[in-house]
Structures are given as structure tokens and as C-alpha cells.
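S.K.: After the C-alpha cells below, expect a handful of questions from me.
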Amino acid sequence: MAPGNGGWAPRLGPAAARRALEAARLIADRATSPPRVRAAIELAARQTAFPGSVHWDPVSLAQGETGQALFCAQLHRCFPAEGWDRTGHAHLTRAVAALEQRGGAPPSVSSGLSGVAFCAAVLGDGRGYRRLRQVLDARIAAMSLAGAAALRGRSGVPVSSFDLISGLSGVATHLLPAGAGRPAHPALAPVVRALAGLAGPGEWPPAWYTPAALLHDEEQARAYPFGNLNCGLAHGIPGPLAVLALAVRSGVEAEGLRPSVRELAGWLLAHRLDDAAGPNWPAVVPLGDGGPGLREGRVDRTTRSAWCYGSPGVARALWLAGSALGDEGLCAVAVRAMEAVYRRPVPERRIDSPTFCHGVAGLLQVTLRFADDTGLPVFTEAADALTEQILAHVDPARPMGIATVEPAGNLVDQPGFLDGAAGVALVLLAAATDREPVWDRAVALS
């Protein structure tokens, strides 16, 4: 496949780009206003049918002040004369104050120190917030080294130990060099070695399997009494694969790195669950009683077509792996998987919300990355259709200008990045402007 052209380009025609920018600005004016955000948070808590999933943590990149600061960083890249860096600084200041008040946080990128440090680096354009970043990076190094040591040699682990949301893969997205010629963080190599160690060739069950006792809730434990193997980019093995591939592309040298990328990519290829449209994947592969030992259970259902779970996230991980290894076959499978997503009728994609994590914005951001990497018309055409799908949800009468759509059509006015309005606007900016969306390294897309 052809490489990207080296410069980010808008993927929308003039009229669609104008509408996308109008929507992004509408959301920006509201999602960066503390009084409006506070009101939306209180309203969302009353609206949601899933109270455990709707919360606001100032430290959080996913749903908090750190995420809003990252949004402002990209707004500043797009509109440098408008003072968005100052607005972002105010959000970041509130995040750091909350961090100091509670006396620390986990190292994760989604809700912890790595997210704050990543945001500070992007908002400061690699030069600002040096003291803050030094302090955070020292803490992240210590915690990630401990996490890497705890992961090495284990078999049967919670996904939170290695995944993008809570685990070492997410931490690694911050530790990776921010660009060509930039130095790698000293803690990166041990973290990469630990993640690579999950891919021990020929091991059964794979070291990264999750036994029932370590699944994240009792409902999952009942559904998978012998545990499972997670196939989602957000919580499963595609996250380590994407990060390890990015490490190869960044010139990181670590024992077993390239073979691990090959092994994990091969596992995903071997566990495709194709449908009428083409390549697809399940959310998890269940494990069963092999008497003695474990065996793979039957998989008969694919999952949604989203960033977090399904073909888009898996395809991006496979593309990054193919690119890192110089394997055109892997890249071709990734492209075919994305083409299959676009062939599926919209209802069959099961992403009703316009938001990022398990919604249309996440699929659009993956699409934009493929468009930049390949130059293929199918991705530009898909970007246009997906943007229209998002814009159909824009409603100036709603507090944030757009709402999260929960199952059964329940609308929730979330302001944040991963499941709310800020994430939608970030993707619209990526589709409509020539400013590269550097923020998506935090979700392992670049």
C-alpha cells in the first residue's frame, strides 16, 4: 500500500468541511466552558440508564478536565490566534490541582498520570510545562517499571494490567517518542519488553488470557466461567499489538519485539469471524474446560464496528503491524476489513452514538488515519458519509450541541472526550482541517 503523503489533508469537500467546522466550534464553545460543563455533568447523571459509566473525574483524559485540555490543544493548533492555549491551560490547571489534592493517581493514560503528562506535552507543543512533565514522568517511570516487572512471566492476567484504557499499553502511548528524532522515554524499553512477553509463541493458553476470577465484573465471570481472550483494541490484545508496532516504527530496540508483533498479528488473523461483508472479529474468544486444561470455546457472534471493539480497532492494529514489519499482506487484510465495515448497513455496525469510544466518531477517526496512510478513495468516500452521519446528530438546543446515544435511543449530554461531545469535535476537526490530529496517539491510532 502507498505510504501517506507526509502532510495531513482535510478529507471533506468545502461545504461539508464548513459544516463540520461549525459543529466543532459550537461544541468547543460549550464543552470548554466550566459552568456549562458542570450543568451538563449534573444533567447526564439524571439522564443515563448506566450510572456507573457516567462520571466526571477532573484528572481523567477520558472524561475530565485533562480531556478538555487536550481538546483545547487541538483547537489551538487549528486556530492559533484565538487563545485556545490559555483555555487549555485553565483546564490542565484544574486537572493538576485535583491530582495534587488526592495525592496521586494510577499511571494509566485514560484516567491517570500518563494522560495528564501526554496532554501537557501536546498543549505545550513539546516545549511547555517542563517542570510538570518532569515530575509526572518520574512518577510514571517508577509505576510503569513496577507494572512491567509484575507482568513479566505471568500467565492469566486482568486486561487492566496490559490494555489501552487502564494498563501498560496506554502508558506506552505516552512513553513513545512524540515524533521523528525525538528521544524515547527511559521506561519505554522495559514496558515494551513486558508487553512483548505476552506473546510467547506456542504457549497455551496465551499469557494474556483472563481467567474468570480476574474478569472485570460478576456478570462477565458468569458469562465466561473459564475466562476469555479479549479481542478489542480498548481492552484486548490489539492494544499491545498496536503499541508494539508503533515501537518498532519508532526505532525502539527490545528483545523479542518484532517476533511478538508477528505472533499477535497472526493470532488475530487466526481468530477472524467473517460475515457476508468480509473480515470481522468477535469481542472475545471464550475459554472452556478442556479436561484437563483449557480449550477455546465456540465463537458465533461478531461485535460492533467501533474503535473499542470490532473490525476498525483490530484493522488499525493490523495495519500498524504490517507497516512496522513491511508486510503488505497484513496491510491488505486491514484494508479489506475496513472495506467490509463500509459495506455493512449502518444498523449492522451497531454504533448508534456519534461519540468516539463505541460510536461513529471513533470509526471516522480510524477511517481518516487509513485515508492518510493509503490515499485510497474508499476511505475518503467513507469519511464523507460518516461525517454526515455525525452531523445529523448535531442539535444546538442540547447543552453540548450533541448528545451521546445510549442503547434504546436514550440521549445523554456528556461533555468529555471518550464518550462525549469533545471527542466528536476533535474528530470533526481532523476531518475538516489540515492540522494533524496528534491527540490520537493516546488511543493508539498513530
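The values are calculated or read from the model by the stated rules, or taken from the named source; none is laboratory data. Predicted model, so just to flag it, every value in this text is computed and none were measured. With ideal geometry, Cβ positions are generated from the backbone for all residues, glycine too; neighbour counts draw on all protein chains shown. Accessible surface is based on the protein model in full, side chains and every heavy atom, while ligands, DNA and RNA are left aside. Shrake-Rupley method; radii C 1.70, N 1.55, O 1.52, S 1.80 Å.
S.K.: Every residue in region 24-46 that is without any contact (Cβ under 8 Å) to a residue 12 or more places away in the chain and either aliphatic (A, V, I, L, M) or not in a helix (DSSP H, G or I) (or both), please.
M.R.: S33, A45
S.K.: Still on this model: Consider P292 against the criteria (1) open to solvent by less than 10 Å² (accessible area, probe 1.4 Å); (2) farther than 26 Å from S260 by Cβ: it satisfies all of them except one. Which criterion is unmet?
M.R.: Of (1) open to solvent by less than 10 Å² (accessible area, probe 1.4 Å); (2) farther than 26 Å from S260 by Cβ, only one is false for P292: (1).
S.K.: Yes or no: region 46-60 includes at least one residue that is closer than 25 Å to L99 by Cα, in contact with a His (Cβ under 9 Å, 6 or more places away or on another chain), polar (S, T, N, Q) and buried (at least 19 other Cβ atoms within 10 Å of the Cβ).
M.R.: Scanning region 46-60 turns up no residue that is closer than 25 Å to L99 by Cα, in contact with a His (Cβ under 9 Å, 6 or more places away or on another chain), polar (S, T, N, Q) and buried (at least 19 other Cβ atoms within 10 Å of the Cβ).
S.K.: Step by step: first the residues of region 89-122, then only those that are open to solvent by 20 Å² or more (accessible area, probe 1.4 Å), in a helix (DSSP H, G or I) and not charged (D, E, K, R), then the one that is farthest from R182 (Cα to Cα). Which residue is that?
M.R.: Here the answer is Q101.
S.K.: Just checking, does region 283-296 include any residue being touching a Ser or Thr at 6+ places or on another chain (Cβ under 6 Å) and more than 28 Å from P10 (Cα to Cα)?
M.R.: yes
S.K.: Follow-up. For A40, only one of the following conditions fails: (1) open to solvent by less than 30 Å² (accessible area, probe 1.4 Å); (2) in contact with a helix residue (DSSP H, G or I) (Cβ under 7 Å, 6 or more places away or on another chain). What is its number?
M.R.: So A40 meets the others, but not (2).
S.K.: Another question, then. I need the full set of residues from region 328-348 which are closer than 21 Å to S260 by Cα, open to solvent by less than 50 Å² (accessible area, probe 1.4 Å) and touching a residue at least 12 places away in the same chain (Cβ under 8 Å), in order please.
M.R.: Taking region 328-348 and keeping what is closer than 21 Å to S260 by Cα, we get 328-334.
Subsequent filtering for residues that are open to solvent by less than 50 Å² (accessible area, probe 1.4 Å) retains 329-334.
Of everything in region 328-348, those that are closer than 21 Å to S260 by Cα, open to solvent by less than 50 Å² (accessible area, probe 1.4 Å) and touching a residue at least 12 places away in the same chain (Cβ under 8 Å) turn out to be L330, C331, A332, V333, A334.
S.K.: Just give me the residues in region 290-326 being among the charged types (D, E, K, R), out of contact with any strand residue (DSSP E or B) (no Cβ under 9 Å at 6 or more places or on another chain) and free of Cβ contacts under 8 Å to residues at least 60 places away in the same chain, in sequence order. Write out each step before concluding.
M.R.: The initial filter retains those residues of region 290-326 that are among the charged types (D, E, K, R), namely 295-296, 298, 300-301, 304, 316.
Right, trim to out of contact with any strand residue (DSSP E or B) (no Cβ under 9 Å at 6 or more places or on another chain) and you get 300-301, 304, 316.
Residues satisfying the conditions are D300, R301, R304.
S.K.: Restricting attention to region 142-179, which residues are open to solvent by 20 Å² or more (accessible area, probe 1.4 Å) and either among the β-branched types (V, I, T) or in a helix (DSSP H, G or I) (or both)?
M.R.: Matches in region 142-179: A142, M143, L145, A146, G147, A149, A150, V159, S160, S161, I165, H174.
S.K.: Name the residues in region 47-62 that are in contact with a helix residue (DSSP H, G or I) (Cβ under 9 Å, 6 or more places away or on another chain) and part of a loop (DSSP other than H, G, I, E, B), would you?
M.R.: Of region 47-62, the ones in contact with a helix residue (DSSP H, G or I) (Cβ under 9 Å, 6 or more places away or on another chain) are 49-51, 54-62.
The answer is A49, F50, V54, H55, W56, D57, P58, V59, S60, L61, A62.
S.K.: So which residues in region 180-214 are outside any helix (DSSP H, G or I), at negative phi and either at pLDDT below 90 or of a type in the set (A, V, I, L, M) (or both)? Before the answer, list the steps.
M.R.: Narrowing region 180-214 to residues outside any helix (DSSP H, G or I): 180-187, 200-211.
From the residues that got through so far, the ones that are at negative phi too are 180, 182-187, 200-201, 203-211.
Across region 180-214, the qualifying residues are A180, R182, P183, A184, H185, P186, A187, G200, P201, E203, W204, A207.
S.K.: Report the residue count in region 353-389 for those that are among the hydrophobic types (A, V, I, L, M, F, W, C), touching a residue at least 60 places away in the same chain (Cβ under 8 Å) and part of a helix (DSSP H, G or I).
M.R.: So the count comes out to 7.
S.K.: On to the next question. Please specify each residue of region 272-289 satisfying the condition of being open to solvent by 60 Å² or more (accessible area, probe 1.4 Å), farther than 16 Å from L330 by Cα and not acidic (D, E).
M.R.: Passing the criteria: only A276.
S.K.: Given the residues A105, A73, A62, A97, which is the only one that is closer than 16 Å to R25 by Cα and not β-branched (V, I, T)? Break it down into steps so the answer makes sense when it comes.
M.R.: Working: A105 fails: closer than 16 Å to R25 by Cα; A62 fails: closer than 16 Å to R25 by Cα; A97 fails: closer than 16 Å to R25 by Cα.
Result: A73 is the single residue among A105, A73, A62, A97 that is closer than 16 Å to R25 by Cα and not β-branched (V, I, T).
S.K.: Now, a different point. Please go through region 395-413 and pick out each residue that is aliphatic (A, V, I, L, M) and either open to solvent by 40 Å² or more (accessible area, probe 1.4 Å) or part of a helix (DSSP H, G or I) (or both). Reasoning before the result, please.
M.R.: From region 395-413, those aliphatic (A, V, I, L, M) are 397, 400, 402-403, 405, 408, 411-412; that's our starting set.
Hits for region 395-413 are A397, A408, L411.
S.K.: Would you pick out the residues in region 419-446 that are open to solvent by 20 Å² or more (accessible area, probe 1.4 Å), of a type outside the set (D, E, K, R) and in a loop (DSSP other than H, G, I, E, B)?
M.R.: Taking region 419-446 as the starting set, the residues that turn out to be open to solvent by 20 Å² or more (accessible area, probe 1.4 Å) are 419, 434-436, 438, 441, 446.
Now narrow it down to the ones that are of a type outside the set (D, E, K, R): 438, 446.
Scanning region 419-446 gives a single hit, S446.
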